[in-house]
Amino acid sequence: MSTAPHVVVVGGGLAGMAAGLACADGGARVTLLEKRAHLGGLTWSFSHDGLTMDNGQHVFLRCCTAYRGFLDRVGSAGDVELQERLEVTVLRRGRRATLRRDRLPAPLHLGRSLLTYGLVPLAERARLGVAAAALARVDLDDPALDSETFEHWLRRHHQGPSAIAHLWDLICLATVNLPASEASLAMGAKVFQTGLLTDSAAGDIGWSRLPLGRLHGERGRAALEQAGASVRTGEGVQQVAPLGPVDGPPTAGSPRYVVRTGRGEVEADAVVVALPHYCVEEVLPPGALQADPARLGSSPILNVHVHFDRKVTDLPLAAGDGLAQWVFDRTASSGAERGQYLVVSVSGADEHIGRRPEDLGRDALSALRAMFPASAGAGVLSTFVTREHHATFRAAPGSAKMRAPARSPLRGLALAGAWTATGWPPTMEGAVRSGVAAARAALAATRTAGPGLGPELSVSAGPLRFQEVE
Ligand SMILES: Cc1cc2nc3c(=O)[nH]c(=O)nc-3n(C[C@H](O)[C@H](O)[C@H](O)COP(=O)(O)OP(=O)(O)OC[C@H]3O[C@@H](n4cnc5c(N)ncnc54)[C@H](O)[C@@H]3O)c2cc1C
């Protein structure tokens with residue numbers, strides 16, 4: 001029998017997989033329990049009309065170092081595209097504008113692009129730099145940032161409606177999954193400081209060349225199993241319960257928790273619960289949560305998948321008008337044998353999520369036709385809509401208080417998930433960071449002064465290249 005501590009991870013999204021890998025790399029025995037048939041959580045893929053589709057387009061930035069470390073750990077780092085230099089084409093109102101960084105240090109790297117950014121009138125453009133400089137100086141640790149919307153702050157800093165719509169919201173919606181009018185200043189400031197205003201390369205955009213199910217779920221499972229973890233899919237957890245007092249130091253050889261699933265019970269020295277914010281409370285024992293994640297609420301994302309019978313654009317990604325907030329060319333990853341397969345991605349999609357697929361398809365198509373003149377004569381082979389009602393939590397003012405830290409008040413029980421208190425918006429980066437933070441908390445709680453619980457554990461000794469988050 002191994003004397004290594006046993007950590008049970010509940011939930012196999014990015015947070016749970018990162019936690020499982022970090023625990024296994026740190027020397028623990030790991031069992032990961034996932035309700036669905038596959039790992040990957042909110043990043044998953046399926047087949048439809050001969051194409052492999054993702055439930056929704058996912059992108060990351062160069063500054064997403066923990067997520068990129070995860071890709072590296074599971075052997076997927078070579079299967080993503082990462083721009084050498086940030087470049088985004090914005091096709092709106094019959095105009096073409098480009099956001100491109102040049103070789104100057106941040107924040108000057110975007111200066112030239114912003115000066116010529118034709119979607120914002122000259123008078124408003126002249127005020128962009130002042131707001132950017134003020135945003136770069138905001139103290140991200142100041143709790144007051146979470147009591148104001150990002151748009152309120154932008155208006156206080158003399159940003160006009162065009163600048164908000166065509167620049168600030170272009171990025172805020174895609175990263176926070178809420179418009180600036182609803183997003184917390186804390187989240188807006190985090191995104192712009194970390195992604196655009198501090199390091200000139202930080203905002204380069206990356207995306208997968210593979211279906212997400214393979215990039216994350218399949219590779220993640222293989223890496224976990226290779227690290228010795230037992231991965232049990234199709235096994236939902238109903239309850240995590242302590243087996244005795246969990247406020248004192250650990251006792252060698254006595255498991256502290258039992259995890260109840262539909263198939264039986266699993267005992268654990270420590271548990272990482274990496275479930276979504278809206279249902280995590282259902283499985284936790286009393287006292288495990290000081291925060292109130294259910295009150296965070298959810299922000300939806302929908303994607304309209306359009307398969308043209310021919311190529312209509314050379315751009316790998318672009319931002320557009322109306323429904324087409326962002327458009328991505330997914331032809332290669334889908335395995336399409338002809339034509340071009342584009343995905344229209346709609347974040348903060350409250351007003352669209354309940355609409356009929358035929359109406360969404362029609363609006364997406366008219367937005368694409370306005371963006372890409374070459375699509376005028378193109379036939380449409382298929383359209384399809386994917387909706388995620390609980391894509392992310394709502395990162396609105398007041399949300400910081402509802403996000404729980406990785407270490408729960410109960411010894412040996414840690415929390416993970418993009419919704420936990422990572423300081424990041426609800427992203428893949430936040431999910432991976434949360435998983436590593438929870439693994440650290442769980443492993444620390446399994447250490448004992450006495451003999452019998454295996455080697456001294458240290459996640460940093462493993463091959464993960466995650467940044468410190470605590
Ligand atoms: C359409 C869409 C587009 C997005 N775009 C981006 C993007 O471009 N960039 C970005 O960084 N982020 C993006 N996100 C957000 C990102 O996907 C999430 O923040 C991240 O994947 C969350 O990971 P997680 O592990 O915290 O949660 P989840 O992925 O929700 O994982 C939780 C897991 O727990 C499982 N589970 C639930 N209940 C139980 C139970 N009782 N027992 C066992 N298992 C259970 C679930 O099945 C799931 O696998 C997007 C999200 C969506 C939906």
For the stretch 204-221, 3J(HN,Hα) per residue [Karplus equation, 6.51 cos²θ - 1.76 cosθ + 1.60, θ = phi - 60°, Hz, x = Gly/Pro]: 4, 9, x, 7, 7, 8, 10, x, 4, x, 7, 4, 9, x, 5, 5, x, 4
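Please report, to one decimal in angstroms, the Kirkwood hydrodynamic radius of the stretch 99-203 built from all distinct Cα-Cα pairs.
Every distinct Cα pair counted, the radius reaches 13.6 Å.
In square nanometres, what is the average projected area of the Cα convex hull of the stretch 285-377?
Computing the convex hull of the Cα atoms and averaging its projections yields 8.7 nm².
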Calculated FRET efficiency for the pair residue 311/residue 49, C-beta based, R₀ 22 Å, to 0.05: 0.75
C-alpha center-to-center spacing [the stretch 276-353, the stretch 206-274] in angstrom: 27 Å
Length-normalised contact order for the stretch 99-203 - Cα pairs under 8 Å, 6+ apart - percent: 34 percent
Residues whose placed amide H lies under 5 Å from that of residue 393, excluding near-sequence neighbours: 299
Label-to-label distance, nm, for residues given as residue 77 and residue 116 (7 Å Cα→Cβ offset): 3.5 nm
Residue 236 long-range amide H proximity, modeled H, under 5 Å: 262
Taking the convex hull of Cα positions in the stretch 311-362, its mean projected area over all directions (nm²): 4.2 nm²
Lys, Arg +1 and Asp, Glu -1 on Cβ, resulting dipole of the stretch 208-365 about Cα centre, debye, nearest 20: 460 debye
Integer Hz, Karplus 6.51/-1.76/1.60 couplings in order for the stretch 334-341, x for Gly and Pro: 7, x, 4, 8, 8, x, 10, 10
Ranked packing of 325-331, 12-18, most packed first, by mean Cβ within 10 Å: 12-18, 325-331
Cα centroid separation - the stretch 361-420 against the stretch 109-158, whole Å: 24 Å
Degrees, to the nearest 10: 14-25 long Cα axis against longest axis of the chain: 40 degrees
Karplus (6.51, -1.76, 1.60) ³J(HN,Hα), θ = phi - 60°, over the stretch 26-40, in Hz, Gly and Pro reported as x: x, x, 8, 7, 10, 10, 10, 10, 10, 5, 7, 7, 9, 8, x
Shape parameters for the stretch 94-160, alpha-carbon atoms, Rg then Dmax in Å: 13.7, 41
Spin-label model distance (nm) - residue 162 vs residue 359, 7 Å beyond Cα toward Cβ: 3.1 nm
Calculated FRET value between residue 199 and residue 238, using beta carbons and R₀ = 60 Å, to 0.05: 0.85
In Å, descending, principal axis extents of the Cα set of the stretch 24-145: 58, 44, 30
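Using helices alone, I'd like the mean residue ellipticity at 222 nm for the chain: each DSSP H run of four-plus residues gives -39500 (n - 2.57), total over residue count, nearest 500.
It comes out at -6500 deg cm²/dmol, rounded to the nearest 500.
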Which of 278, 105, 439, positive extreme of dipole for the chain (C-beta unit charges): 105
Hydrodynamic radius (Kirkwood) for the stretch 165-214, which is based on Cα pairs only, to one decimal in Å: 12.0 Å
Size of charge dipole - the chain - debye, nearest 20, with Cβ of Lys, Arg +1 and Asp, Glu -1, no other charges: 640 debye
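Report, in cubic angstrom per residue, the convex hull volume of the C-alpha atoms of the chain.
Hull volume normalised by residue count: 139 Å³.
If you filter the stretch 110-212 for GluC sites (Glu not before Pro), then keep DSSP loop positions with at most 16 other Cβ within 10 Å, what is left?
Counting only loop positions with at most 16 other Cβ atoms within 10 Å, the GluC sites (Glu not before Pro) in the stretch 110-212 are 148.
Just so you know, all these numbers are worked out from the coordinates, no wet-lab data involved. Computed from a predicted model, the values in this text were never measured in an experiment. Virtual Cβ from ideal backbone geometry, glycine too; neighbours counted across all protein chains shown.
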